[in-house]
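Just below is one structure, and these are the notes that go with it.
The values are calculated or read from the model by the stated rules, or taken from the named source; none is laboratory data. What you see is a predicted model, and the numbers here were worked out from it, not measured in a lab. No Cβ is skipped: glycine too gets one built from the backbone with ideal geometry, and neighbour counts run over all protein chains shown. Calculation scope for accessible area: heavy atoms of the full protein, side chains included, ligands and nucleic acids excluded. Shrake-Rupley method; radii C 1.70, N 1.55, O 1.52, S 1.80 Å.
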Amino acid sequence: MNDLRPEQELREAPRVKPRPAAPVRTPLWRRALWLAVIVLVIAGVAWWVHTRPAPQSPGGRSGAGTPMPVVAAAAQKGDINVQLNGLGTVTPLATVTVRTQISGQLMRVAFQEGQMVKQGDLLAEIDSRPYEQQLANAQGQLTRDQALLANARIDLQRYRVLVAQDSIPKQQLDTQDSLVHQLEGTVISDQSQVDTAKLNITYCHIIAPVSGRVGLRQVDAGNYVQANDTNGLVVLTQLQPITAVFTLPEDSVPAVMKQLNAGATLQAVAYDRSQTTQIATGTLATVDNQIDTTTGTLKLKAQFDNTDSALFPNQFVNIQLRVETLHDETVIPTAAVQRGAPGTFVYLVKPDDTVTVQAIKLGPAEGEKVSVRSGLSVGDRVVVDGADKLKDGAKIALREASSGAAATPAGAPGSAPSQQSTPAGQQQRGSRGSRGSGAAGSGGNSQ
C-alpha cells in the first residue's frame with residue numbers, strides 16, 4: 001500500500017504548473033536616459049536640415065553673389081501699327097441660284113461643275129421650238145392687223161374728202177376714225193405678243209448673271225424644268241472680289257469711326273485659323289449701323305481682290321485691321337515684359353551689371369514688339385531672356401542672343417499677328433454674353 005503511493009505522486013507531479021518568475025523592472029533613470037538621447041537625435045537632425053546650404057536649382061532665383069547669364073535688348077524709337085483683331089467669315093459679294101424663267105425641256109448643260117465663268121457665259125439651253133412657233137403665230141397676227149390698219153387709214157382719208165364735199169354724213173367719218181384707232185391698239189398688242197415670244201426664246205439660253213464659280217449642278221439634261229423649281233439649275237458664287245464679315249468690340253468702334261470719318265482707308269489682313277499664315281490683304285469696306293447688344297460687338301466688312309482664290313466662301317478667318325500708325329514710340333521686345341506683384345514691369349539693366357524691377361505702362365503691341373508709354377527711355381537695356389531666374393538687385397552676366405532666341409520681326413512668315421493693339425494694351429475677348437449678366441466683355445484691358 002505504501003509502495004503504490006510514491007508512484008501515484010510521481011504521476012500527479014507533472015500536472016502542477018510552475019509559477020512564472022517576476023518581471024525585472026527597468027530603473028527609472030535608464031528610461032530617462034534613453035528618452036534624452038532620442039530627443040537629442042531628433043533635434044540634431046532638424047538643425048542639420050535647416051542649416052545645410054540649399055542647392056541652386058536651374059529654375060530658382062539667382063542669388064546676389066552668383067551672376068546669372070541673361071540676354072538684354074535696348075529700348076529704341078520706332079513706329080507701331082495700332083491693329084485690331086476680329087473673328088470673321090468669308091462672304092461672297094453675290095450668291096445666285098440660277099433658275100429658268102420659262103418651262104421646257106433642258107436640252108444642254110454648258111458648264112462643268114466647279115468651273116469659273118464670266119458674266120454672260122452660256123450655262124444651259126432649253127428647248128426653244130414651242131416658243132419659236134408662238135413667235136411665228138404672233139408675227140402672222142401682227143402682219144394681218146397691220147394690213148387692216150393700213151386699209152382703214154386709206155378709207156379714213158377718203159371719208160375726209162367726201163365729208164368736205166358734203167357727200168357723206170360726218171358720222172360715217174367719225175366711225176372710220178374710231179376704227180383706225182382700234183386697229184392701232186390691236187397692232188400694238190400684236191407687237192407685244194411678238195416681243196414676248198422673242199423674249200421667251202432668249203430665256204431658252206440661260207447665261208451667267210455674275211462672274212464666279214459654279215457649284216454642283218442640281219438637274220441633268222433631259223429633265224423638264226419650270227420657273228418655280230426650288231433648287232434651280234446651279235448655284236453661282238462670285239469670288240473676285242470677295243468680302244469677309246468680322247466683329248470688333250464696341251470699345252474699339254470710336255477709333256475705327258474716327259479714321260473712317262476722316263476719309264482714311266484702313267488696311268485689313270486676313271489670317272488663317274491659327275493666325276500664322278497671311279491669306280490676303282484688302283481694305284475695310286463698310287461697318288454695320290448698330291451694335292449687337294447680346295455680344296457687345298459691331299459687324300464690319302472688309303473686301304479683298306482674291307485674285308489667287310485663296311479665300312473661299314464661308315471660310316473662317318482672323319482679320320487684322322490696321323487703324324493707325326504711331327510714330328517715334330519707345331519700343332521694346334514683348335519678351336521683356338513681366339507681370340507680377342508690381343504690375344507690369346521689366347528688369348532694367350544697371351551700369352554695375354545688376355538688375356532692378358522697373359514698373360512700366362504699355363501702349364499698343366505689334367508682333368514681337370510693344371510700345372512703352374512711361375517707365376523707360378530710349379537706350380535703356382532690359383532683360384529679354386533669363387528673366388524668370390532674376391530678382392531685384394541680382395547680378396547678371398550679359399550674353400549674346402542665340403539664333404533660336406532671336407525675336408521674329410513683326411509681319412515675318414511664321415509670326416502670329418498680335419492681339420488687339422490699343423493704347424491701353426487691350427485685347428479682344430470672345431462673346432461676353434448679355435450686358436446685364438456682368439460677364440467679362442470684349443476688348444477688356446489686359447494689363
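Tabulated results
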| read-out | value |
| --- | --- |
| Debye log10 I(q)/I(0) at q = 0.14, 0.15, 0.16, 0.22 Å⁻¹ for the stretch 198-269, Cα point scatterers | -0.69, -0.72, -0.76, -1.13 |
| Extension reserve of the Arg30-His50 stretch, reckoned as 0.36 nm per residue once the Cα distance is removed | 4.1 nm |
| Net +/- balance of residues flanking Gly363 in space, Cβ distance below 9 Å, scoring K and R +1, D and E -1 | +1 |
| Neighbour net charge for Ile206 - beta-carbon separation under 11 angstrom, K R +1, D E -1 | 0 |
| Amide proton proximity set for Val70, modelled H, under 5 Å, gap of 5+ | Ala397, Leu398, Arg399 |
| Computed P(r) (all Cα pairs; the stretch 104-174; 5 Å bins; percent) | 3, 12, 11, 9, 9, 7, 7, 7, 6, 6, 6, 6, 5, 4, 1, 1 |
| Normalised per residue, the volume of the convex hull around the Cα set of the stretch 153-227 (Å³) | 146 |
| Which listed pairs, of Lys258/Lys301; Lys258/Lys369; Lys299/Lys369; Lys301/Lys369; Lys118/Lys301; Lys350/Lys391, have C-alpha distances above 21 Å, in listed order | Lys258/Lys369; Lys299/Lys369; Lys301/Lys369; Lys118/Lys301 |
| For Arg99, distant residues with modelled amide H under 5 Å away | Leu233 |
| Per principal axis, descending, Cα span of the stretch 71-147 in whole Å | 98, 32, 18 |
| For the stretch 88-96, Karplus couplings with θ = phi - 60° (6.51, -1.76, 1.60), whole Hz, Gly/Pro x | x, 10, 5, 10, x, 5, 8, 10, 10 |
| Gain on full stretching of the segment that runs from Asp272 to Ser309 - 0.36 nm per residue minus C-alpha separation | 11.9 nm |
| Per residue accessible area of the stretch 85-128, 1.4 Å probe, in Å² | 49 |
| ³J(HN,Hα) computed for each position of the stretch 255-263 - Karplus, 6.51 cos²θ - 1.76 cosθ + 1.60, integer Hz, glycine/proline x | 5, 5, 5, 4, 5, 5, 5, 7, x |
| Surrounding net charge for Leu173, when Lys and Arg each add one and Asp and Glu each subtract one, Cβ distance under 11 Å | 0 |
| Globularity index of the stretch 225-315, i.e. its alpha-carbon radius of gyration over 2.2 N^0.38 Å | 1.37 |
| Heavy-atom accessible surface of the stretch 232-327: percent carbon and sulfur, 1.4 Å | 46 |
| Within the accessible area of the stretch 88-172 (1.4 Å probe), percent carbon and sulfur | 46 |
| Linear extension gain, Ala341 paired with Ser377, 0.36 nm per residue minus alpha-carbon span | 10.7 nm |
